[in-house]
Amino acid sequence: MYKVAIRKNETGEIRLCKQNLEWGEHSDYWWTEGNMGCDCNRFLEFERAGGEDPEWDAAECSEGKYSALYAELPDGKKISLDNDRG
């Protein structure tokens, strides 16, 4: 299991989103270029981390509303995500 720090760029609020998966070979891609690189999925994770149960219909596909700052692994290691994007 690991956590991802997601920032809502409009407000600057950051939430740690728990992931019930192991960090793997393609996890960086998943969070930057894959499905979790889209604001719709980041919105859902951000809301869940705040204790909400958002409706999928409330999620909009876009880019730039949310940033995945880093992944924090169980041993405390942090892996930079969006900051590594070109």
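Restricting attention to region 29-52, the residues that are in contact (Cβ under 8 Å) with a residue 12 or more places away in the chain, small (Gly, Ala, Ser) and surrounded by fewer than 17 Cβ atoms within 10 Å (Cβ to Cβ) add up to 1. Among the residues of region 45-61, those identified as modelled with pLDDT of 95 or more and in contact with an Asp or Glu (Cβ under 9 Å, 6 or more places away or on another chain) are Phe46, Glu47, Gly50. Only residues that are within 19 Å of Cys38 (Cβ to Cβ), touching a residue at least 24 places away in the same chain (Cβ under 8 Å) and either of a type outside the set (Phe, Trp, Tyr) or exposed (fewer than 15 other Cβ atoms within 10 Å of the Cβ) (or both) were counted across region 53-83, and they come to 10.
The values are calculated or read from the model by the stated rules, or taken from the named source; none is laboratory data. Remember, predicted model here, so these are calculated numbers, not experimental data. Counting neighbours? That spans all protein chains shown, and the Cβs are built from the backbone with ideal geometry, glycine included.
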